[in-house]
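Peer 1: This structure is in structure tokens; I'll ask about it shortly.
The values are calculated or read from the model by the stated rules, or taken from the named source; none is laboratory data. Fair warning: this is a prediction, and the values are worked out from it, not measured in the lab. Every residue, glycine among them, receives a Cβ derived from its backbone with ideal geometry; neighbour counts consider all protein chains shown.
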Amino acid sequence: MSSRRSARRALVALLVGVLVGGGLMAVTPAGAQVSSAVATSWKKIWKKNLKPLADKRYYTKAQSNAKYQPKGSYETAGSGYTKAESDAKYAGAGSSYTKAETDAKYVPVPTTYRGSFLAHSYVPGAGAYATADIAFPVQLKVAPTVHVIDTGVVPAGCSGNAATPGALPGNLCIFVAGKQNVSGYYTCKGAGANCVLGATGTADPWGLTMYAVSAAAGRAQAYGSWALNPGGAAGVSTTRPDGGSLTTPDRGSPASVE
């Protein structure tokens, strides 16, 4: 009896195992994916679906070679100039200047600016003033050292005379060529402030006012020339008095340059 029960149990277990195993194979997703992957032909998908798209987006090597010029073939293909063609087309046609031609054609940056002045007025008596404004053609970084040369030895920093005024870097040299009823000179900055009487005066980085002091009533006048050398610490500034930028120097009143 017991042997029959054991045989039945073994048979039932075998059947259950077969059924359960078959069910797993039928419903397990992993099994379904493996089966689907086996059935899929990636080679066919590539040829039918993917390769046509890739061909539209990219060139094959043969297509690229046919469409574009290979390296080193520009001159022969006519899309560029050889060195000989460039030399013949541009250099020989006068479309550029040599250094010597440029130096001869354009005015060099001046090292000394020159101009003239006239202070003239009718005054009621001695100690009055005739004034003249001197505006620099450029704005300096710092004010120059000012010299007024009336008579006597030309001071250090200046050279020449009223006919040929000269100045060393950082100096403004004012040469008096003629005067009438004048006993001395002031040079002032800031519209009359900080005036200095004598051979050496004061200025702003962009100019000054010159005062000729009358000796008596009547006409008082002084005239002459000046030379400004903006070299040295004075230098030419690129900043306006208000802090803005000077893209080009303020040329001010007409002046000759060397």
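Peer 1: Can you pull out every residue in segment 151-162 that is surrounded by fewer than 16 Cβ atoms within 10 Å (Cβ to Cβ) and either under 16 Å from THR187 (Cβ atoms) or touching a His at 6+ places or on another chain (Cβ under 8 Å) (or both)?
Peer 2: Scanning segment 151-162 gives a single hit, PRO155.
Peer 1: Does segment 164-172 contain any residue that is touching an Asp or Glu at 6+ places or on another chain (Cβ under 9 Å) and free of Cβ contacts under 8 Å to residues at least 40 places away in the same chain?
Peer 2: no
Peer 1: Let me ask you something else. Is at least one residue of segment 229-252 modelled with pLDDT of 85 or more and of a type outside the set (Lys, Arg)?
Peer 2: Keep residues of segment 229-252 that are modelled with pLDDT of 85 or more, which gives 229-230.
Right, trim to of a type outside the set (Lys, Arg) and you get 229-230.
Yes, there is a match, as at least one residue in segment 229-252 is modelled with pLDDT of 85 or more and of a type outside the set (Lys, Arg).
Peer 1: Considering only strands (runs of 3 or more DSSP E) fully contained in segment 94-195, which possess at least 1 residues that are at pLDDT below 90?
Peer 2: The strands (runs of 3 or more DSSP E) meeting that bar are 182-189.
Peer 1: Checking the condition surrounded by 16 or more Cβ atoms within 10 Å (Cβ to Cβ) and closer than 23 Å to VAL213 by Cα, which residue from VAL182, VAL138 passes?
Peer 2: VAL182
Peer 1: Any residue in segment 95-119 that's of a type in the set (Gly, Ala, Ser): show its pairings with residues that are at pLDDT below 75 at Cβ separation under 7 Å, as long as the two are six or more apart or on different chains.
Peer 2: Final answer for the pair search is SER96/TYR90; GLY115/SER253; GLY115/ALA255.
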